[in-house]
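*Asks:* Could you have a look at this structure, given as structure tokens, before my questions?
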Amino acid sequence: MTGRVGFAYGQARIQAHYGRLLNASEWSRLDRVVDYGELVQMAQTTALRLWLANLGPDSNAHQIELALRHVFRRHVRQVADWLPRKWRPAVRWFAALEDLPAAGYLKSGAPAPAWMQNDPVYAPLIALPPGERRGAADRSPLAPLMLADVHAAQAWIRHWRRLWPAASRSVTGPLERLAGVVSTDTPGTGETDWLARVFRRQAQRPAAVFAYLCLVRRQANRLRGALLGRRLLERGA
């Protein structure tokens, strides 16, 4: 499969999932909920229920973070499997966006907090003495982040570009414009609207896939902030 024909199947599957992203009205309704347990219950009546499958009323902050990382990684792998084989490595690399803070922390040689033991990506590295992590990183999915001589976000973008298969400027140009926003954790409304336009205008092209994944990640981060904010308020009360 090549060109737009090769992305037609993936576009159809992604389009269905794109339609399930929460709109402003749904987020407004959730934002008005101040209790953690009530928020989880209400969110489970929306398309966010898939993100909450492993969470309950007693889940702590670390369990919330782990659950959301797990769902994001799984969905990225799912999306990659819908696409032409040559684009799958670049799509799968999107999952590592969730690992930027941890990669920077592990790379620093600081003692690893206990919660990292529960994450299958981080556990093999924190089992090593801090001074040996960097040397063993070549066997880790985090290798392009930990072995680079630049900040983790810069290393992520640099490796992402390397994973793009050879393509015309009409394909890589929109990806270059996306590179400036993919690792942003706190986007403005205008940026989110721009990603939605990219998704529509680049249909059946790689840029639409990555714009969609950016929007998914922004939704996950908004849910994360809502859950953690209420959980921490309860713990501090």
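*Asks:* Under a no-solvent Debye model with one identical scatterer per Cα of the chain, what's log10 I(q)/I(0) at q = 0.15, 0.18 Å⁻¹?
*Replies:* Log10 of I(q)/I(0), two decimals: -1.11, -1.42.
*Asks:* Using the count of nearby Cβ atoms within 10 Å as a rough guide to exposure, how do 142, 228 rank from fewest to most?
*Replies:* Least crowded to most crowded, the residues run 228, 142.
*Asks:* What helices in the chain pass both tests, a Cα length along the helix axis of 20 Å or more and a mean Kyte hydropathy of -1.0 or higher, using whole DSSP H runs?
*Replies:* 3-18, 61-81, 206-236
*Asks:* I've got another one for you. Using Cα pairs closer than 8 Å and at least 6 residues apart in sequence, work out the relative contact order for segment 45-180, in percent. All intermediate terms of the calculation are to be shown ahead of the outcome.
*Replies:* Details: 104 pairs, mean separation 27.2, N = 136.
Contact order relative to length: 20 percent.
*Asks:* How would you classify segment 97-145 from its alpha-carbon gyration tensor, with a ≥ b ≥ c the square roots of the eigenvalues: rounded for a/c under 1.5, else prolate if a/b is greater than b/c, otherwise oblate?
*Replies:* rounded
*Asks:* Quickly rank 30-40, 69-79 as a protection proxy: mean count of other C-beta atoms within 10 Å, highest first. Present the calculation step by step, with values, prior to reporting the outcome.
*Replies:* Details: 30-40: 15.6, 69-79: 18.2.
Ranked by mean Cβ neighbours within 10 Å, highest first: 69-79, 30-40.
Any read-out appearing in this document is the output of simple, stated calculations on the displayed coordinates, not a laboratory observation. Just so you know, these numbers come straight off a predicted model, no measurement behind them. Note that each Cβ is placed from the backbone with ideal geometry, even for glycine, and that neighbours are counted across all protein chains shown.
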